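Taking it in order: structure first as structure tokens, then the write-up.
The values are calculated or read from the model by the stated rules, or taken from the named source; none is laboratory data. Owing to the predicted nature of the structure, the values given are computational and were not obtained by experimental measurement. Cβ placement follows ideal geometry from the backbone for every residue including glycine, while neighbour counts extend to all protein chains displayed.
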Amino acid sequence: MSMKNAGTGIESTEASGAVKWFLLIALICTIAVVPVAQCVLENSPLSKSFAAFTYDDQSSDLKALRAKESGLGYAFEVSRLINEKTMANARKFESSLEEESWLLSAAGPAIEKVLIGTLGAGSRDVYCGREGWLFFRPTIDYLTGAPFLDPAALKVRREVQPDPVKAIVDFKKQLARRGIELVVLPSPAKASIYPEYFSSRYIRTAAPLQNPSFPEFVRRLEAQGVHVFDPAPLLFEAKGKEALFLKRDTHWTPAGSEMVAQHLAVYLQEKRLLPQGAPVAYTRVASSAENRGDLAAMLKTAADYDKQRVALHQVRLADSTPWSASRNADILFLGDSYANIFSLDGMGWGTGSGLVEQLSFQLKRPVDAILINDKGSFSTRQQLSKELRRGEDRLAGKKVVVYEFAARELALGDWKMIDLAVVKRPQAPLTAAVQQAVETAKAAPNGLQLEGVIEEITRPPRPGSTAYKDAVIAMHLKQVTAGGKPFAASQIVVFAWGMRNDTVTPATRYHRGERVSLKLRPWAQVEKKYGGYQRIELQNEATMLLDIFWLAQPDDAVVPASTAAKPAAAPIPKTVPPAPPAPEPARHQEPASSPQLTAADANALFQKRVAEINAAKDEGRSVAGLDGWLFSRQELNHIAKGQFWGDAAQTTSLAGKSDSRDPLAAILDFKQQLDRAGIELIVVPVPAKAHVYPDKLVQGITPQVGRLDTAHQQFLQLLGNAGVDYLDLTKLFIDARKSGSSTLFLQKDTHWSPAGIAAVARALKEKIASRPWYQGLEKQQFTRSKENVQVTGDLAEGTNAAAETVTVSRVSPAPQPDRNSPIVLLGDSHTLIFHSGGDMHAKDAGLLDNLAFELGVRLDLIGVRGSGATPARVELARRKDNMAGKKLAIWCFTVREYTESQTGWRKVPVIRP
């Protein structure tokens with residue numbers, strides 16, 4: 001048939017009425033299936049959509065309008081108010097649909113893998129560049145967008161104060177009235193310096209890329225007497241010598257940060273902006289860090305990217321104590337995440353090595369700093385204003401303010417006008433109140449319990465929508481009481497985690513008008529640790545004068561107010577030869593009245609308390625700790641025994657037979673059997689809860705004490721020397737606590753929590769993912785959904801302890817144990833908790849399920865309640881199949897089984913000749 005005839009045939013094709021209706025209905029069903037399924041499967045999105053037309057404070061707002069307006073004016077204002085609130089609620093509703101969408105959860109990772117891995121298209125917020133580089137979309141928008149000083153561009157952004165020149169010149173004039181010079185430092189976008197890794201069109205670029213308005217911006221500021229230090233040209237010129245920006249992060253490398261600090265120090269000296277002073281000798285210690293980067297973390301395929309390792313130079317005082325900002329310094333540095341990176345622990349790139357530390361090192365003088373991730377256009381200026389209005393004159397004695405912000409803020413930020421007036425606060429009753437609170441909190445090691453009604457609360461950004469995985473929210477509390485009695489400060493501000501590791505926290509469930517009881521610390525105690533994180537502030541300016549508290553966390557450390565750096569007796573060379581990373585001295589110290597325990601003293605105190613508990617011979621399986629925590633008496637018996645292998649096992653083990661007492665011999669025997677069958681083994685000893693949370697058992701010990709499981713570390717080293725692969729969960733869990741993880745053990749149960757399970761599953765995935773046999777397996781797609789469950793812990797039996805609410809990650813479709821799987825998980829009830837239901841609290845949310853989700857394969861399971869030592873291997877032997885088809889055995893058991901198992905550690909012939 002010719003092309004002409006074929007075309008004629010197509011044009012003359014007719015469809016019957018039935019076919020037309022069928023196709024129409026099929027199209028409508030296809031379009032409707034996703035929203036209908038979401039309504040059926042999820043938490044009633046339809047009712048949420050109706051909620052967009054109302055809000056909590058609507059009645060009080062309407063009442064206030066009636067008091068001010070009447071007639072048509074009232075009608076107009078009501079329409080305007082309802083329209084604004086409805087639009088805002090609609091945006092929140094759209095975001096919630098996206099976050100909770102089952103389709104996005106199920107298909108999102110696969111789709112993104114195609115978009116990024118195959119097509120190189122990136123995601124909504126991340127662009128894929130060349131050779132594995134990633135770029136933050138807002139920075140590209142800044143470079144390719146309209147001139148930010150163009151009148152038309154300013155007019156479009158009328159919902160904020162869009163003019164950076166206006167705000168910075170006003171800032172300069174306010175500082176000048178106090179004799180303080182301003183230096184502006186716009187940190188360039190990665191694509192400004194490395195455009196060739198974004199597109200091959202820019203390989204021969206002769207100068208750093210900038211928004212078209214940037215030269216005019218610099219010209220206008222300098223015309224008004226503002227000093228502008230632009231590091232982009234020097235970074236562009238030096239980029240061929242070493243990597244100056246991170247491949248999959250928005251920020252510069254340590255080398256780039258150090259180069260900027262060095263040239264900024266020269267700039268300040270050449271401009272003679274700082275007076276001469278006695279030099280302070282700092283030293284630098286070689287260290288390193290590795291991370292995938294904040295841009296990789298924003299992708300659902302983050303695990304596909306390798307970590308990038310960087311060399312750090314940690315700045316320290318002459319006595320080797322870590323560098324810290326000094327309130328008495330004559331230079332104040334205001335900065336965002338470009339200054340926080342390599343300094344703020346939560347950013348994952350190490351500490352003590354950031355831009356401000358390096359500037360202090362180069363200047364040989366102390367530096368004060370206010371650093372807050374995100375919104376550099378106003379957040380640090382606003383924080384400075386808050387302190388001044390509270391009567392804390394942060395500008396006293398200052399000669400220079402360096403104002404650093406990401407260059408993209410010039411086109412995208414809110415350049416609010418900030419008043420720097422110093423307000424003299426009344427000395428009573430607020431000063432007395434905060435002093436009382438500080439003293440009371442010092443006496444209460446876990447914080448001060450206060451109650452109050454929430455007047456206002458801010459919300460964190462949508463997880464994954466910013467380059468920062470953590471965010472602090474704020475609450476304004478009224479009618480504050482302590483123990484039912486009026487608190488001296490009847491109104492306070494509370495800061496709390498609103499988002500951690502791209503996950504919203506329980507604090508976000510609070511709402512206006514709710515009366516809450518919170519355990520708090522004075523903000524001054526923890527500001528040094530948490531003050532640099534992205535913060536969503538209250539909008540009511542009256543709250544700026546209120547006392548600030550922090551919603552206490554298990555790993556909070558009390559940090560004294562920083563002091564000026566001490567001058568050293570003799571100068572120290574600027575650089576030191578590379579050396580292995582030195583142990584980091586304790587960053588956070590208790591005040592002199594309550595010195596922090598050394599590791600040795602804490603270990604002695606811990607062992608003493610354990611011995612006291614065991615000597616008491618009390619009945620019952622649980623021991624009461626602090627803050628409502630319960631611990632297993634059996635676990636504490638095990639801890640007190642010390643060495644438990646070799647000859648020592650004959651006296652420490654409860655096993656009846658002498659040949660069943662040594663766990664080392666049994667584990668090595670099982671390893672040898674598996675080796676002969678070509679099967680790998682990973683041993684996963686679940687640590688004692690008291691070793692991970694000693695601060696919840698012993699008064700006076702802090703979460704920063706470090707490891708107290710000396711005997712278990714020695715045992716793991718013996719396993720490693722014998723070629724046994726293991727997962728050190730004590731280290732994993734302690735590191736997770738430092739990074740702000742949710743509780744890793746259930747408070748009133750012997751088992752780990754859902755957060756602990758998730759951490760172990762991720763760690764096992766990292767161990768297994770590189771195995772060639774695993775890479776060749778056919779993968780299955782699973783999804784996870786969050787669900788709150790009530791847990792009555794096995795240690796709470798016979799007590800009046802309330803049920804504990806935890807959030808489990810339920811996996812679907814339920815990955816039922818598969819006898820044919822190449823991976824077998826064997827062990828005790830830690831393999832069954834949150835998996836098998838009933839007294840195991842939940843179904844489809846245990847280690848087996850979460851590991852199946854991480855690996856994309858179903859697993860075989862042998863879970864034995866009571867003991868995972870010998871009985872689990874006996875069950876494996878009873879199969880009589882010599883573990884045919886198996887590639888890996890994951891053996892999971894609690895460490896108390898080393899000594900407390902009645903059946904002990906027999907050598908079981910799992911694989912017979």
Name the residue, out of His830, His835, His841, that is farther than 30 Å from Leu674 by Cα, buried (at least 21 other Cβ atoms within 10 Å of the Cβ) and of a type outside the set (Phe, Trp, Tyr). His841
Given the conditions (1) assigned to a loop (DSSP other than H, G, I, E, B); (2) more than 28 Å from Leu268 (Cα to Cα); (3) in contact (Cβ under 8 Å) with a residue 12 or more places away in the chain, and given that Pro138 satisfies all but one, which numbered condition is not satisfied? (1)
The listed residue being over 30 Å from Arg633 (Cα atoms) and assigned by TED's automatic domain parsing to the domain that holds Ala624, out of Pro754, Pro813: Pro813
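Hey, does the range 673-687 have a residue that's β-branched (Val, Ile, Thr), surrounded by 17 or more Cβ atoms within 10 Å (Cβ to Cβ), in a helix (DSSP H, G or I) and in the same structural domain as Trp891 (by TED's automatic domain parsing)? Let's see the steps before the verdict.
Our first condition is that a residue be β-branched (Val, Ile, Thr); within the range 673-687, this holds for 679, 682-684, 686.
Those left that are additionally surrounded by 17 or more Cβ atoms within 10 Å (Cβ to Cβ): 679, 682-684, 686.
Still in the running and in a helix (DSSP H, G or I): none.
Looking for residues that are β-branched (Val, Ile, Thr), surrounded by 17 or more Cβ atoms within 10 Å (Cβ to Cβ), in a helix (DSSP H, G or I) and in the same structural domain as Trp891 (by TED's automatic domain parsing), one finds none in the range 673-687, hence no.
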I'm checking my understanding of the structure. Among residues of the range 514-549 that are crowded, with 17+ Cβ neighbours inside 10 Å and charged (D, E, K, R), which one is nearest to Asp336 (Cα to Cα)? Arg535
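Among the candidates Thr783, Thr792, Thr805, which residue alone is surrounded by 12 or more Cβ atoms within 10 Å (Cβ to Cβ), closer than 16 Å to Ser753 by Cα, among the polar types (S, T, N, Q) and touching a residue at least 12 places away in the same chain (Cβ under 8 Å)?
Working: Thr783 fails: closer than 16 Å to Ser753 by Cα; Thr805 fails: surrounded by 12 or more Cβ atoms within 10 Å (Cβ to Cβ).
Just a single option satisfies the conditions, and that option is Thr792.
Scan the range 717-744 for residues that are touching a strand residue (DSSP E or B) at 6+ places or on another chain (Cβ under 9 Å), closer than 27 Å to Thr351 by Cβ and hydrophobic (A, V, I, L, M, F, W, C) and jot them down. Outline the logic, then answer.
Narrowing the range 717-744 to residues touching a strand residue (DSSP E or B) at 6+ places or on another chain (Cβ under 9 Å): 719-720, 724-730, 733, 739-744.
Now drop any that are not closer than 27 Å to Thr351 by Cβ, which leaves 727-730, 733, 739-744.
The answer is Leu727, Leu729, Phe733, Leu744.
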Failed condition for Leu334, given (1) modelled with pLDDT under 95; (2) touching a strand residue (DSSP E or B) at 6+ places or on another chain (Cβ under 8 Å), with all others met? (1)
In the range 263-309, the residues that are surrounded by 14 or more Cβ atoms within 10 Å (Cβ to Cβ), β-branched (Val, Ile, Thr) and out of contact with any Asp or Glu (no Cβ under 7 Å at 6 or more places or on another chain): Val280, Thr283, Val285
Can you give me the ranges of the helices (runs of 4 or more DSSP H) entirely in the range 557-658 with at least 1 residues that are farther than 19 Å from Arg707 by Cβ, at pLDDT 90 or above and in contact with a Ser or Thr (Cβ under 8 Å, 6 or more places away or on another chain)? 633-640, 649-652
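I need the full set of residues from the range 695-724 which are out of contact with any His (no Cβ under 7 Å at 6 or more places or on another chain) and not in a helix (DSSP H, G or I), in order please.
Result: Leu697, Val698, Gln699, Gly700, Ile701, Thr702, Gly706, Arg707, Ala722, Gly723, Val724.
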The residue from Glu181, Glu196, Glu159 that alone is free of Cβ contacts under 8 Å to residues at least 60 places away in the same chain, of a type outside the set (Ser, Thr, Tyr) and assigned by TED's automatic domain parsing to the domain that holds Ala406 is Glu159
Residues satisfying the stated conditions in the range 182-220, i.e. modelled with pLDDT of 95 or more and surrounded by fewer than 20 Cβ atoms within 10 Å (Cβ to Cβ): Pro212, Pro215, Glu216, Val218, Arg219, Arg220
Quick check on Trp905: is it among the aromatic types (Phe, Trp, Tyr) and out of contact with any strand residue (DSSP E or B) (no Cβ under 8 Å at 6 or more places or on another chain)? yes
Considering residues of the range 232-258 that are within 28 Å of the chain's Cα centre (by Cα) and assigned to a helix (DSSP H, G or I) only, the residue surrounded by the fewest Cβ atoms within 10 Å (Cβ to Cβ): Ala255
For the range 897-913, which residues satisfy the criterion of being touching a His at 6+ places or on another chain (Cβ under 6 Å) and surrounded by 24 or more Cβ atoms within 10 Å (Cβ to Cβ)? Thr899
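Can you work out which of the residues in the range 184-231 that are of a type in the set (Gly, Ala, Ser) and assigned to a helix (DSSP H, G or I) is farthest from Asp163 (Cα to Cα)? Full working, then the answer.
Just the residues of the range 184-231 that are of a type in the set (Gly, Ala, Ser), to begin with: 187, 189, 191-192, 199-200, 206-207, 213, 223, 225.
If we keep only those that are assigned to a helix (DSSP H, G or I) too, we end up with 191-192, 200, 223.
Working: Ala191: 23, Ser192: 22, Ser200: 33, Ala223: 16 Å.
For the range 184-231, the residue satisfying everything is Ser200.
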